[in-house]
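The values are calculated or read from the model by the stated rules, or taken from the named source; none is laboratory data. Please read all numbers here as calculations on a predicted model, not as lab measurements. Every residue, glycine among them, receives a Cβ derived from its backbone with ideal geometry; neighbour counts consider all protein chains shown. The area values use the complete protein model at the heavy-atom level, side chains included, leaving out ligands, DNA and RNA. Shrake-Rupley method; radii C 1.70, N 1.55, O 1.52, S 1.80 Å.
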Amino acid sequence: MTQIRLIALDMDGTLLDDDHATVPARNVAALRRAAERGAAVAIASGRAWDLLHEVAAQLDMLHYAVLSNGAAVLDVTSGEWLWRKGLPRAQSRRLIELLLARALSPEFASVLRRYSRFPEDLNAALEGRCVEKIHIFHVPPEERAALQAALEATGPLAVTGSFGTNMELTARGVNKAAAVQALCRRLEVTAEQVMAFGDADNDLELLRWARWSFAMENGAASAKAAARYVTGANRAGGVGMALERYLAAP
């Protein structure tokens with residue numbers, strides 16, 4: 001196969017075990033060998049960087065982080081932001097106002113109060129900041145179409161998800177493939193030299209674009225249809241399985 005120069009890895013349901021925090025040892029060992037052979041390792045997550053520090057600490061070979069479904073790319077070694085495309089400020093204000101006006105059940109509101117911290121005025125707290133992504137953790141299926149129509153009425157945006165009932169909002173044109181392509185242009189890397197791994201709808205564009213794309217056994221049917229190959233489940237070290245098979249020393 002063509003020499004692989006970049007490996008792009010989704011996190012939850014892909015690189016991480018079912019606890020959403022631990023990288024299986026098989027994956028770590030295989031990624032370390034790939035890095036020793038010249039491949040740059042990048043995580044490509046729906047999460048923001050603040051929610052990935054503990055994962056990154058387990059990956060001593062990590063070079064780059066594609067964040068918030070492609071809204072940002074961070075050079076992990078230097079701390080330089082290589083790419084950032086946030087929601088337009090006026091639109092993010094409208095989205096936040098719309099979502100805060102939605103009623104929550106008393107039970108879920110109690111959970112949010114116990115485990116989340118909110119400023120008194122969220123829009124004021126975000127003034128001057130880059131809003132990479134707005135994450136709606138749960139939308140009942142019967143409410144999804146109406147909510148998406150209301151969200152899209154605020155202006156052009158990208159709507160995707162990483163598990164069954166969530167919705168993730170980013171600026172129009174933002175996705176993991178676009179961000180990885182921007183990184184590849186800097187590195188002078190082609191799609192033929194990229195391995196990508198994913199399991200969910202927010203991975204589809206990346207899985208279609210990368211020449212060596214792998215959906216996880218536990219992944220959504222849409223991910224398996226988009227990828228060229230299927231590897232083992234996340235909990236079994238499926239990333240490591242694919243690297244062992246396709247990047248084995250000749």
Task: Rounded percent of accessible protein surface that carbon and sulfur make up, the chain, 1.4 Å probe - done: 52
- [ ] Would you mind putting 75-85, 229-239 in packing order, based on average other-beta-carbon counts within 10 Å, highest first?
- [x] 229-239, 75-85
Task: Residues whose placed amide H lies under 5 Å from that of L6, excluding near-sequence neighbours - done: A40, M195
Open item on the list: Suppose all protein chains stay in the model; what accessible area per residue would a 1.4 Å probe give for the chain, in Å²?
Closed with: 49
Open item on the list: Please enumerate, by chain and number, the lysines with C-alpha under 16 Å from the C-alpha of K224, excluding those fewer than 8 residues away in the same chain.
Closed with: none
Open item on the list: Going Cα to Cα from K176, which lysines come in below 16 Å? Please leave out same-chain ones fewer than 8 positions away.
Closed with: K85, K133
Open item on the list: For a Förster distance of 35 Å, can you work out the FRET efficiency between the beta-carbons of A124 and E80, rounded to the nearest 0.05?
Closed with: 0.75
